[in-house]
Each structure stands twice: as C-alpha cells, then as structure tokens.
Amino acid sequence: MPVPMIDDMELKAVQHIRQETSSGFAQQRIVGLEGTLQQKVGRRSHRVELQGFLLPATAKEDLGKLQDKASKGGEVTFTADITTALKIDKMVVEQFGAEQRIGPQGQISYEIVLVESPPLPPPAEVSAFGGLGDFGLGDMGFDAGALGDVLSGIQDQAGAIMGAVDSAIDAVGQLSALANLADLAKIGNPLKPLTEKVGELGNLKGPVSGLTTALGDIQP
C-alpha cells in the first residue's frame, strides 16, 4: 500500500486515517411543504485525520517538519489511497498534536488534521446579481435565466435614462451661459452714470465749471 505523504515527507507509521466530507445543504422551510427543502449551497472542504508514530531514526527531524508546516499555515499537497477519488489540489494543516511517550527509543505519536484549500474562483463577471444560476434558485422554482434577462433589460434602460439626464444637464448649462451673456448686454456703457453727473455739474458756476470741462473730455 502506498505510504501517505505530505509534500515530500513520507508518513511511514500511520495507524489510522479518516476522511470526511459535508455535502453542504441548507435547509429551507417552505409554507405548505411537508418536510424541509434541501438546497445545495456548495460542499465544505474535505477533511483528513491521521494518527501515527514517527520512526525513531528520523523522529526528531520529522517532528520538526510537521511542526513547521503547522505553525506556518501554508498550503501542502497530500497523497493517500483514501483520497484517490477526491479532486484535492492543496490542503492546509488545521490541527497538529504530538505526544512523546516513555519507552524504548522514546516513541513520538502524532495526530494531524488536514483540510482542503481550494483555489479562489475567477473574478465575478458583470451580470445581474453576479449570476443567479450559481445559487441554485432553480431548485426553488425560480427561472434564473429569465430573471437575468429581465434585470439586464432594466440595466440597459437605466443606462439610457442616465444618458438622457446628462444631455439635459448639458443643455441647462448652455442656456445658463446664454442668460449670463444677456445680463452683460443689459449693463450698457459703464461710464454713463458718470457722464450724467458731469452734466449736472455743468450747470454750476465758478471753479466747478473747470472740473466739468475736464470730465467732459473723457466721455466716450
């Protein structure tokens, strides 16, 4: 029987291996339904529990390797007959324990729990609700495809409305600019009030008449 391995480390004296998988069902209560709807939301990670001994010749070295893998928490590869039918690329050490027993050559026993660490999915595509079909809504009586088409249509209409709003805002801005130009036209000659006052001063006699003559020369 092939020896179980963690990365390139052989576990030659394994005494017990247990593998378990949870299918990942969420229970949904439906009014009028006798029983509970089981909606599959995705299984949990595969778990493998191992118990064994470290051989005396390499016990300290192997113990150091296992402790290092457990403390760093990095991903490891695991191969064993018990996981032959499972598609597992990487695992992590969830738990590790070691026990040194008094006896011939100081045996070291260990227990280790490995948990599957799947790769992250690709970035979510731009779609209504991020892809309703992935959530098993078909199992609950929803037509995810039709609902996605409706939401896509709403998204297109929303884009068209926003485009119209932007155009309207631009038109309002242009009208405001024209209105400002009209206000400038109403200002007229900025020196007109001054020339009117000069005319009033011209009716006065004496030294003021010379001032009115000088001011009159600057009329446009």
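Bear in mind these aren't lab numbers, they're just calculated from the coordinates by the rules spelled out. As the structure is a prediction and not an experimental result, all values here were calculated from the model. Quick reminder, even Gly has a Cβ in these numbers, built from the backbone with ideal geometry, and neighbours come from all protein chains shown.
Determine if the range 80-89 includes at least one residue that is part of a strand (DSSP E or B) and of a type outside the set (Asp, Glu).
In the first step, residues of the range 80-89 are kept if they are part of a strand (DSSP E or B); the result is none.
No, the range 80-89 has no match at all.
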Residue 97 fails exactly one of (1) outside any helix (DSSP H, G or I); (2) in contact with a strand residue (DSSP E or B) (Cβ under 9 Å, 6 or more places away or on another chain); (3) in contact (Cβ under 8 Å) with a residue 24 or more places away in the chain, namely (3)
Determine which single condition residue 45 fails, assuming it passes every other condition in (1) outside any loop (DSSP other than H, G, I, E, B); (2) surrounded by 16 or more Cβ atoms within 10 Å (Cβ to Cβ); (3) touching a residue at least 40 places away in the same chain (Cβ under 8 Å). (1)
Filter the range 1-42 down to the residues that are exposed (fewer than 11 other Cβ atoms within 10 Å of the Cβ) and within 19 Å of residue 84 (Cβ to Cβ) and list them by number. 1, 2, 16, 20
Of the conditions (1) in a strand (DSSP E or B); (2) under 30 Å from residue 105 (Cα atoms); (3) without any contact (Cβ under 8 Å) to a residue 24 or more places away in the chain; (4) not acidic (Asp, Glu), residue 17 fails just one. Which one is it? (3)
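For residue 109, indicate whether it is in contact (Cβ under 8 Å) with a residue 40 or more places away in the chain, outside any loop (DSSP other than H, G, I, E, B) and hydroxyl-bearing (Ser, Thr, Tyr).
Numbers: in contact (Cβ under 8 Å) with a residue 40 or more places away in the chain: yes; outside any loop (DSSP other than H, G, I, E, B): yes; hydroxyl-bearing (Ser, Thr, Tyr): yes.
Considered against the rule, which asks whether it is in contact (Cβ under 8 Å) with a residue 40 or more places away in the chain, outside any loop (DSSP other than H, G, I, E, B) and hydroxyl-bearing (Ser, Thr, Tyr), residue 109 comes out as yes.
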